[in-house]
1. Only one of (1) in contact with a helix residue (DSSP H, G or I) (Cβ under 8 Å, 6 or more places away or on another chain); (2) modelled with pLDDT of 90 or more; (3) of a type in the set (A, V, I, L, M, F, W, C); (4) open to solvent by 70 Å² or more (accessible area, probe 1.4 Å) fails for Ile41. Which number is that?
2. Anything in the range 74-90 that is free of Cβ contacts under 8 Å to residues at least 12 places away in the same chain, surrounded by 12 or more Cβ atoms within 10 Å (Cβ to Cβ) and under 16 Å from Ala39 (Cα atoms)? List them, or say none.
3. Would you mention how many residues in the range 8-38 are open to solvent by 100 Å² or more (accessible area, probe 1.4 Å) and touching a Gly at 6+ places or on another chain (Cβ under 8 Å)?
4. Report yes if some residue within the range 44-60 is over 29 Å from Val100 (Cβ atoms) and surrounded by 11 or more Cβ atoms within 10 Å (Cβ to Cβ); otherwise report no.
5. Which of (1) β-branched (Val, Ile, Thr); (2) open to solvent by less than 70 Å² (accessible area, probe 1.4 Å); (3) farther than 29 Å from Val11 by Cβ does Thr71 not meet, given it meets every other one?
6. Here is a list of conditions, (1) open to solvent by 70 Å² or more (accessible area, probe 1.4 Å); (2) β-branched (Val, Ile, Thr); (3) in contact with a Ser or Thr (Cβ under 7 Å, 6 or more places away or on another chain), and Thr119 meets all of them except one; can you say which number that is?
7. Just need a number here: residues in the range 91-103 that are assigned to a helix (DSSP H, G or I) and either aromatic (Phe, Trp, Tyr) or open to solvent by 70 Å² or more (accessible area, probe 1.4 Å) (or both).
8. Check whether at least one residue in the range 47-63 is charged (D, E, K, R) and under 30 Å from Glu19 (Cβ atoms), and report yes or no.
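The values are calculated or read from the model by the stated rules, or taken from the named source; none is laboratory data. For clarity, every value in this text was computed on a predicted model and none was experimentally measured. Neighbour counts run over all protein chains shown; Cβ positions are idealised from the backbone, glycine included. Calculation scope for accessible area: heavy atoms of the full protein, side chains included, ligands and nucleic acids excluded. Shrake-Rupley method; radii C 1.70, N 1.55, O 1.52, S 1.80 Å.
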Amino acid sequence: KMDWDDIGWRVARYFKINERGSSISTEVRGGITTFLTMAYILLVNPQILGSAGLSPSDVGTTTALLCAVGTIAIGLWGNLPFSLGPGMGLNTFFAGLVGVKLSKEQVLATCFVAGLCITMMGPCKIT
């Protein structure tokens with residue numbers, strides 16, 4: 001039998017919930033609210049990128065997996081209560097340029113370079 005009190009205490013200690021003036025129930029409510037706020041991405045992202053010629057089912061699956069992996073990673077290793085999802089503006093940029101001025105591969109490379117630049121802003125302390 002699992003000791004839920006012990007598990008709750010360990011979770012609270014690991015995530016410093018009490019030190020931050022919160023509670024497990026508040027964090028669970030915040031997580032549910034955040035999920036419901038971001039859930040539209042799972043419906044809209046495949047439509048936007050599908051219009052650019054990508055497979056909507058592949059985009060939907062990839063979006064869900066990457067949101068989950070990114071959010072879990074920042075929660076466990078960063079110990080921060082943030083969620084991560086795709087930038088919808090960048091997706092619209094992608095869909096708007098494919099076939100008009102650039103190939104899919106060129107636009108994907110542009111998005112990749114933009115992601116690298118944003119990623120490097122943290123370690124380089126560029127704000």
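1. All conditions pass for Ile41, except number (4).
2. Correct list: Gly87 only.
3. Residues of the range 8-38 open to solvent by 100 Å² or more (accessible area, probe 1.4 Å): 9-10, 13-14, 18-20, 29, 35-36.
If we keep only those that are touching a Gly at 6+ places or on another chain (Cβ under 8 Å) too, we end up with none.
Total satisfying the criteria: 0.
4. Checking the range 44-60: not a single residue is over 29 Å from Val100 (Cβ atoms) and surrounded by 11 or more Cβ atoms within 10 Å (Cβ to Cβ).
5. Failing condition for Thr71: (3).
6. (3)
7. 3
8. no
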